[in-house]
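To start, the structure under review is shown below, and the notes come after it.
The values are calculated or read from the model by the stated rules, or taken from the named source; none is laboratory data. No experiment lies behind these values; they were computed from the predicted model shown. Reconstructed Cβ throughout: ideal geometry from the backbone, glycine too, with neighbour counts over all protein chains shown.
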Amino acid sequence: MSRIKSIDSFNTFQTLLKPREDVRIKLFMCAGTSCLSSEADIMIQMFQKLCDEHELSHQCAIIKTGCFGFCGQGPILRIEPGDYHYVQVKVEDVDEIFNEHILNKRIVKRLLYRNPHSDEISIDASSMDFYQKQHRIALKNCGHIDPEIIDEYIANGGYTALSKALSEMTPFEVITCINESGLRGRGGGGFSTGVKWEVAYLEETNEKFIICNADEGDPGAFMDRAICEGDPHSIIEGMIIAAYATKATRGFIYIRAEYALATHRLQIAIEQARAYGLLGTNILGTLMSFDISIKIGAGAFVCGEETALIRSIEGGRGEPKNKPPYPSVSGYHRKPTVVNNVETLANVPNIIVKGSAWFRDIGTSTSPGTKVFALAGHVRNIGLVEVPMGTTFREIVYDIGGGHPKDRKIKAIQIGGPSGGVITEKYFDTPIDYESLKAIGAMMGSGGMIVMDEDSDMVEVAKFYLDFTQDESCGQCTPCRIGTKRMLEILERLTSMQGSIEDLESLRSLGEIIKWSSLCGLGQTAPNPVLSTLTHFREEYEAYAYRTKKKAYSIDPAKCIGCTKCARSCPVTCIEGKVKQLHVIDESLCIACGACFSACPVNAIIRP
Amino acid sequence: MNIQDVLDTSSLDSNKLLELDSFIDQCENPKHEQLIHVLHKAQHLFGYLPPNLQRHIALKLNCSSAQVNGVVTFYSFFNENKMGEFTISVCMGTACFVKGSDKVLDLVYKETGAEKDVMSEDGVFSVKDVRCIGACGLAPVLSVNEKVFGHVEAKNVKSIVDIYRKNHVKN
C-alpha cells in the first residue's frame, strides 16, 4: 500500500483497480454482530478450509461482509456469480453447500428463502419481498464489499466523491450541493445538514472540527452499527468531504463502547485511508489536511445529544448545555464543530457524485432521500430496511416486514425509541417523513421501528421507555431529573394496581411540563412514549387505574386434558394439577411469561 | 469507606499499575481529556475501578479525585464493585423487551443469586441489564461474557446458568 500523490493518480488507480479479478466464485458471508453470534465466523473458517483442501483458494474467495439487513433470516450466505442467497445457514450445512453449489454447480434448494405466504422459493434478493420495495443508498455497499479492504470500496465507486469535490468544486459549492439536496440529519432531529456546514464554514477561526456521532443509544436501533461494520469508508469519506467544505482539520468518531466490532472495522478503515493519503496532511496531493481519531463512549444515552457528546470527548461527564451557541459555532474546545450522524454522512458521497437533483427526486419534497429503519418486535422479517421517505408504515410492516409471524393483528408500531411515540392502525397509511410523524405525535428518531401485537401491554411499554430515560437522565435540570422520576412512580403505582384515575391527568400534565421546561432533547422528548400511549390507548391505562386489569394467565377448565405440559414448562412452578386432572394457575405467582401458552397442546390456556 | 483505603494503593497489583502508568504516559495531551480512555484501560486491567485506583488515576492525569469519580459514576460501563467470574448481560433493548426479556432478567437474578450491582456470594456471577446490543434479530438475547445466546426463553435460563456454574466448579 502506498500513498496516492495526486487526484489524477487516484483516478487512474481507481480505473485500473480490479480486486479479486481472477476469482471465479465469491462467497459473501454476513459478519455483522447478529450473524457472528450465530456462528458465521466458524462457517467462514470452514469454507476457507474446504477451499484450501480442494486447492480452490485462487479461484474461490470467502468474503466477510457487512450486514445484509435481513437479520431475521441470518446468517445469510450470498454467492456470485448470480446472486444466490442461502438463508439461516448453519454449521452443518457448510459441507453440503460446498459440495453441491461450488463443486457440482447444483443449487441447495432447501436453504433458499421460502416466502411464508406463497411458499415460493427465491433464489436472489430481487425476488424477495423484503428487498423489493427498498432503495439502498446508505446501505448500498453493506453485503457487497469486504469492509476491511479499502480497494473494494474504491473499486465500487468509493472516494470518487472526494476526488470530485477536491478537483471540481469549491468548499462553498459542496455546501450548496448538500443544501440543495435537502439532506436532513438522520439521527433524529432532522436539522438541515447543509445549514450546519454553512454555519461552520462562515466562522472565521484557525481550528474547526468534524464529529461523527456513532453513539447509537436508542434501544432497538442498529442501522448505524450496520453501516460502521459493513461500509466504514463511506462514513470516513463523508467526514473528509465535510471537512473540505467547512475547512476543518481534525475529526472524531464517537462510538459506543458496546460496538467493539464496529470500532475495530472503523480503525482498520482509518489506517488504510491514511496509508493511501486520503487522510493526513496534503490529502491526494492537495493543500487539504485532515485526520480522524476514534473516541469510545462508556454507556450513556444522553451522549447522543451533541453538546453532551462533545463534553464526553473532552473527557468529562456527558452533560448537555444550553443551545445556542450551537456546536457549529462553539463546540469542541469552543471551536466550530459539525456533529453529523453516521447515516447522514454515509449519504454525502452519493449526493456529491450523483448531484442534488438526483437526491431530491427520491423521497418527499420536505424530506428527500431515504431512511434506514431497524424493524423488530412482532414482525416476520426482522432486519434493516432502507426505503424512500414517504413510504407508509403499512408498506414497511406488511409488504417488506411480512406482517405478524403468526398472522395475528398488529396493534401498534413504536417509532423513535424513547423519544418517540406509538402509531395505531388508523395511521398505518401515513407516508413517513419528518413532518408527518410530528403531526401525529411521534418523531423520526434514529429509526427504530418496533412492531407490537395485541399481547403487548402499552402501559408496560411506556413504563419501559420511561424507566430507560429516567435512568439515563444526566440529572442537571430539575424537570427531567425529578419529573421523569415522578412519572415513573405514577406508572409503577398504576401497574401494581395501587393507582387511581386521577393519576392519568397527573401523568399528562407532568409530561407536558417536562417537555417544555427541560434543558435538552432527552428531557424534551422523554414523556412522548407515555403521552402518546395515553392518547391512543387510554382504556389500557384506565384498566390499571380502576384496578380491573388482569395480568395472570388462566386455564379453561372445559379444555384442559391434564397432560401436565404447562406445569412442566412453568419457570416459576405456579401451576398445580395431577395427571389427567384439571390444572390450575396460581395467579398471584404467575409472571405472565407465556411458556404454558406455547406448551399447551389443546389451547386451554387463556391469555390475560 | 475508610480514608486510608482510598489513599493506600498497596492492595493494587503493581505490575498492572506499571502498565497503566505507561499507557497514560503515551496518551495524547491534554491528559485530562483522555480520562474515559484511561478508565477503559484501567477497568480492562483490574476488572473494576476501586476508589484507590480512581485516586491513582486522578494523580496521574493531574485532575481531582472528585472529577474522576464523577465520570466513573456517570457512565454505566464503569464498575466500582468487583465483578463475578461470569457476567451475564441481559439485553433490555426494546425488541428484547417486547419479547419478554424482563422476565428472563428476573429469572437470571433468581438462578444466579446475584443482585443488581452485587455479584453472587460465591463470586461466580454478576448480572447486568444492558442497553440494546444490536442482535435484535435474535431477541430476547443475553450474553455471558462474550458469548451471545439468542431466542432465550424463560425455561432455558436455568440450563444456561448451570453450564457456567459447572464450568466454574471444574476450574
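Quick look at the numbers
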read-out: Test: residue in the range A:548-567 that is within 30 Å of residue A:437 (Cα to Cα) and either hydroxyl-bearing (Ser, Thr, Tyr) or modelled with pLDDT under 90 (or both); value: no
read-out: Residue check, residue B:142 buried (at least 24 other Cβ atoms within 10 Å of the Cβ), of a type in the set (A, V, I, L, M), in contact (Cβ under 8 Å) with a residue 12 or more places away in the chain and touching a His at 6+ places or on another chain (Cβ under 8 Å); value: no
read-out: Selection count, the range A:202-241, where residues are assigned to a helix (DSSP H, G or I) and under 24 Å from residue B:94 (Cβ atoms); value: 8
read-out: Long-range neighbours under 6 Å by Cβ, at least six apart or interchain, first residue assigned by TED's automatic domain parsing to the domain that holds residue A:389 within the range A:414-431, second hydrophobic (A, V, I, L, M, F, W, C) and assigned to a strand (DSSP E or B); value: A:414/A:422; A:414/A:450; A:415/A:449; A:422/A:412; A:423/A:413; A:424/A:412
read-out: Residue in the range B:76-98 that is in contact (Cβ under 8 Å) with a residue 60 or more places away in the chain, buried (at least 20 other Cβ atoms within 10 Å of the Cβ), under 12 Å from the mean Cα position of the chain (by Cα) and more than 21 Å from residue B:139 (Cβ to Cβ) present; value: yes
read-out: Residues of the range A:182-196 satisfying the condition of being in a helix (DSSP H, G or I) and either modelled with pLDDT under 95 or within 15 Å of residue A:351 (Cα to Cα) (or both); value: A:193, A:194
read-out: Failed item, numbered, when residue A:481 is tested on (1) surrounded by fewer than 22 Cβ atoms within 10 Å (Cβ to Cβ); (2) closer than 21 Å to residue A:536 by Cβ; value: (2)
read-out: Unique match (being surrounded by 24 or more Cβ atoms within 10 Å (Cβ to Cβ) and more than 26 Å from residue A:384 (Cα to Cα)) among A:300, A:243, A:221; value: A:243
read-out: Restricting the range B:20-33 to residues that are surrounded by 15 or more Cβ atoms within 10 Å (Cβ to Cβ) and modelled with pLDDT of 95 or more, the residue that is farthest from the other protein chains (Cβ to nearest Cβ); value: B:20
read-out: Looking only at the range A:456-505, and only at residues there that are small (Gly, Ala, Ser) and part of a helix (DSSP H, G or I), the one that is nearest to residue A:593 (Cα to Cα); value: A:462
read-out: Test for residue A:269: is it more than 14 Å from chain B (Cβ to nearest Cβ), modelled with pLDDT of 95 or more, surrounded by 24 or more Cβ atoms within 10 Å (Cβ to Cβ) and in contact with a Pro (Cβ under 9 Å, 6 or more places away or on another chain); value: yes
read-out: Test: residue in the range A:74-86 that is crowded, with 19+ Cβ neighbours inside 10 Å and modelled with pLDDT under 90; value: yes
read-out: Residues located in the range A:391-418, provided they are touching a Pro at 6+ places or on another chain (Cβ under 8 Å) and crowded, with 20+ Cβ neighbours inside 10 Å; value: A:391, A:402, A:414, A:417, A:418
read-out: Single residue of the range A:277-324 satisfying the filter (hydrophobic (A, V, I, L, M, F, W, C) and part of a strand (DSSP E or B)) that is nearest to the other protein chains (Cβ to nearest Cβ); value: A:296
read-out: Selection within the range A:157-181 - surrounded by fewer than 17 Cβ atoms within 10 Å (Cβ to Cβ), on the phi < 0 side of the Ramachandran plot and not in a helix (DSSP H, G or I); value: A:170
read-out: Enumeration of residues in the range A:22-36 that are farther than 16 Å from residue A:148 by Cβ and crowded, with 23+ Cβ neighbours inside 10 Å; value: A:34
read-out: Residues being farther than 17 Å from residue A:31 by Cα and in contact (Cβ under 8 Å) with a residue 12 or more places away in the chain - total across the range A:94-111; value: 11
read-out: Within the range B:77-171, helices (runs of 4 or more DSSP H) holding 3 or more residues that are of a type in the set (D, E, K, R) and more than 10 Å from every other protein chain (Cβ to nearest Cβ); value: B:157-170
read-out: Selection count, the range A:253-281, where residues are under 21 Å from residue A:226 (Cβ atoms) and either β-branched (Val, Ile, Thr) or not assigned by TED's automatic domain parsing to the domain that holds residue A:338 (or both); value: 5
read-out: Members of the range B:39-76 that are in contact with a helix residue (DSSP H, G or I) (Cβ under 8 Å, 6 or more places away or on another chain) and either more than 22 Å from residue B:18 (Cβ to Cβ) or of a type in the set (Asp, Glu) (or both); value: B:64, B:67, B:69, B:71, B:75
read-out: Criterion: of a type in the set (Ser, Thr, Tyr), closer than 28 Å to residue B:107 by Cβ and over 27 Å from the mean Cα position of the chain (by Cα) - qualifying residue of A:496, A:506; value: A:496
read-out: Complete set of residues in the range A:552-599 that are more than 14 Å from chain B (Cβ to nearest Cβ), crowded, with 18+ Cβ neighbours inside 10 Å and either of a type in the set (S, T, N, Q) or touching a helix residue (DSSP H, G or I) at 6+ places or on another chain (Cβ under 8 Å) (or both); value: A:555, A:583, A:585
read-out: Any pair with Cβ under 8 angstrom, 6 or more apart, that starts in the range A:238-252 at a residue that is outside the structural domain of residue A:193 (by TED's automatic domain parsing) and ends at one that is at pLDDT 95 or above; value: none
read-out: Inter-residue pairs, beta-carbon under 8 Å, first over 14 Å from residue B:44 (Cβ atoms) and in the range B:1-25, second small (Gly, Ala, Ser) and surrounded by 10 or more Cβ atoms within 10 Å (Cβ to Cβ), 6+ apart; value: B:6/B:65
read-out: Scan of the range A:465-492 for residues that are of a type in the set (S, T, N, Q) and away from every other protein chain (no Cβ under 14 Å), ordered by number; value: A:478, A:484
read-out: Test for residue A:328: is it outside the structural domain of residue A:445 (by TED's automatic domain parsing), over 21 Å from residue B:69 (Cα atoms) and either surrounded by 22 or more Cβ atoms within 10 Å (Cβ to Cβ) or of a type outside the set (Lys, Arg) (or both); value: yes
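Residues checked against (1) in contact with a His (Cβ under 9 Å, 6 or more places away or on another chain); (2) of a type outside the set (A, V, I, L, M):
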{"position": "B:56", "(1), (2)": "no, yes"}
{"position": "B:86", "(1), (2)": "yes, yes"}
{"position": "B:113", "(1), (2)": "no, yes"}
{"position": "B:118", "(1), (2)": "no, no"}
{"position": "B:132", "(1), (2)": "no, yes"}
